[in-house]
Amino acid sequence: MQFARFGDDRFGFVRGDDIYDITALTERIIGSRPAPRWGDPFIDALPQIRAALASETLGAVTARVADVVLLSPVARPSKLIAAPVNYDLHIAEAEADPAISLGKAVARIDQAGLFLKATSSLVGAGEGVAVRFPDRRTDHEVELAVIIGSTAANVEKDAALGVVAGYAIGLDMSVRGSEDRSFRKSIDSYAVLGPWLVTADEVPDPDRLAFTLRVNGELRQQANTISLLRNVRHLIAWASQWYTLYPGDIIFTGTPAGVGPVVPGDELDAEFERIGVMHVTVR
């Protein structure tokens, strides 16, 4: 199943090119539950929402996907967790490009650990990326994004996929420079999530997904999550050793080779097997 947020904070069920507005149903279910102390109320209530949809009539199509502004499918995560240099070929290109590495050795993921991005950097595909410092290089980094569905800590790798609500496409936008990684990646709109959430049952193996990113039609990044150095199960388990994970928390799993600069006016198209295509405009 695919779920989106759109327009003026509406909730939608996506089927093909159509969106069914399920805002009334969603708000009724969320309102009947205790508000979670941490995490996103929609993701927290998602199992109940899915059960209700199975027994209720959807009604008429509300809109076409192409005609609405897609927001982040998660509105209020407690944290955005990201994995640096999690593909071998990206490590090689970072070490070869002084604009990325500043001529320094690139720490491997086991040395660097995970990092956090500000939750205020999160936007949806329809909101786009706003370049904050046009005199500096801002790069695209396409990634699989994992959306946590339940409160979890110290999760074993074998059980890690059981705490996943779903998956989405992520863009971890980055200003290049000498500042701390989290500082450069936490600018408003520098964490794009979308185009919607695909529930975990629709993605049997997140570690075997082909994906691409094009800028103005030019292929920039192409890879498969089978090449992750630390796979999805490992990242969930690792993150949960350091932080309690809450519904709606997002793990950006890392980007492959092919990162490059974008400028206002660029059009980005990211495509993931089993998830779909996310179109993002840079302004």
Original post:
When Gly16 is evaluated against the numbered criteria (1) small (Gly, Ala, Ser); (2) exposed (fewer than 14 other Cβ atoms within 10 Å of the Cβ); (3) closer than 26 Å to Val280 by Cβ; (4) in contact (Cβ under 8 Å) with a residue 12 or more places away in the chain, which criterion, by number, is the only one it fails?
Top reply: (4)
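Take the residues of segment 239-283 that are of a type in the set (Asp, Glu) and in a loop (DSSP other than H, G, I, E, B): which is surrounded by the most Cβ atoms within 10 Å (Cβ to Cβ)? Give the derivation first.
Looking only at segment 239-283, we keep the residues that are of a type in the set (Asp, Glu), and these are 249, 266-267, 269, 271, 273.
Right, trim to in a loop (DSSP other than H, G, I, E, B) and you get 249, 266, 273.
Values: Asp249: 30, Asp266: 18, Glu273: 13.
Applying the filter and picking the extreme gives Asp249.
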Original post:
In segment 88-125, what count of residues is obtained for those that are of a type in the set (Val, Ile, Thr), within 17 Å of Gln221 (Cα to Cα) and in contact with a helix residue (DSSP H, G or I) (Cβ under 7 Å, 6 or more places away or on another chain)?
Top reply: 1
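Got a sec? Which of Glu143, Glu95 is of a type in the set (Asp, Glu) and surrounded by fewer than 19 Cβ atoms within 10 Å (Cβ to Cβ)?
Details: Glu143 fails: surrounded by fewer than 19 Cβ atoms within 10 Å (Cβ to Cβ).
On inspection, the qualifying residue turns out to be Glu95.
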Original post:
Restricting segment 146-167 to residues that are closer than 17 Å to Asp44 by Cβ, touching a Phe, Trp or Tyr at 6+ places or on another chain (Cβ under 9 Å) and of a type outside the set (Val, Ile, Thr), which is surrounded by the fewest Cβ atoms within 10 Å (Cβ to Cβ)?
Top reply: Ala153
Original post:
Taking only pairs six or more apart or across chains, which ones have beta-carbon atoms under 8 Å, a first residue in segment 185-213 that is in the same structural domain as Val175 (by TED's automatic domain parsing) and β-branched (Val, Ile, Thr), and a second residue that is part of a helix (DSSP H, G or I) and surrounded by fewer than 24 Cβ atoms within 10 Å (Cβ to Cβ)?
Top reply: Ile187/Ser121; Thr199/Arg50
Subject >> segment 60-91, subset in contact with a Phe, Trp or Tyr (Cβ under 7 Å, 6 or more places away or on another chain) and of a type outside the set (A, V, I, L, M, F, W, C), residue farthest from Asp180 (Cα to Cα) >> reply: Thr62
Original post:
If you take the residues in segment 19-36 that are β-branched (Val, Ile, Thr) and assigned to a helix (DSSP H, G or I), which one is surrounded by the most Cβ atoms within 10 Å (Cβ to Cβ)?
Top reply: Thr26
**OP:** Examine segment 169-186 for a residue that is at pLDDT 95 or above, surrounded by fewer than 19 Cβ atoms within 10 Å (Cβ to Cβ) and in a strand (DSSP E or B), and state whether such a residue exists.
**Re:** yes
Original post:
Which one of the conditions (1) among the β-branched types (Val, Ile, Thr); (2) at pLDDT 95 or above; (3) part of a loop (DSSP other than H, G, I, E, B) does Thr57 fail to meet, given that it meets all the rest?
Top reply: (2)
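So which of Asp180, Asp158, Asp188 is under 24 Å from Ile226 (Cβ atoms) and among the charged types (D, E, K, R)? Steps first, please.
Numbers: Asp180 fails: under 24 Å from Ile226 (Cβ atoms); Asp188 fails: under 24 Å from Ile226 (Cβ atoms).
Of the residues listed, the single one that is under 24 Å from Ile226 (Cβ atoms) and among the charged types (D, E, K, R) is Asp158.
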**OP:** Hey, can you tell me all the residues within segment 19-34 that are among the aliphatic types (A, V, I, L, M), in contact with an Asp or Glu (Cβ under 9 Å, 6 or more places away or on another chain) and either free of Cβ contacts under 8 Å to residues at least 24 places away in the same chain or not assigned by TED's automatic domain parsing to the domain that holds Thr62 (or both)?
**Re:** Ile30
**OP:** Can you give me the ranges of the strands (runs of 3 or more DSSP E) entirely in segment 92-154 with at least 2 residues that are touching a residue at least 40 places away in the same chain (Cβ under 8 Å) and hydrophobic (A, V, I, L, M, F, W, C)?
**Re:** 115-117, 122-124, 142-148
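The values are calculated or read from the model by the stated rules, or taken from the named source; none is laboratory data. The model shown is predicted, which means the values in this text are computed figures rather than measured ones. Here the Cβ is made from the backbone with ideal geometry for all residues, glycine too, and neighbour counts use every protein chain on show.
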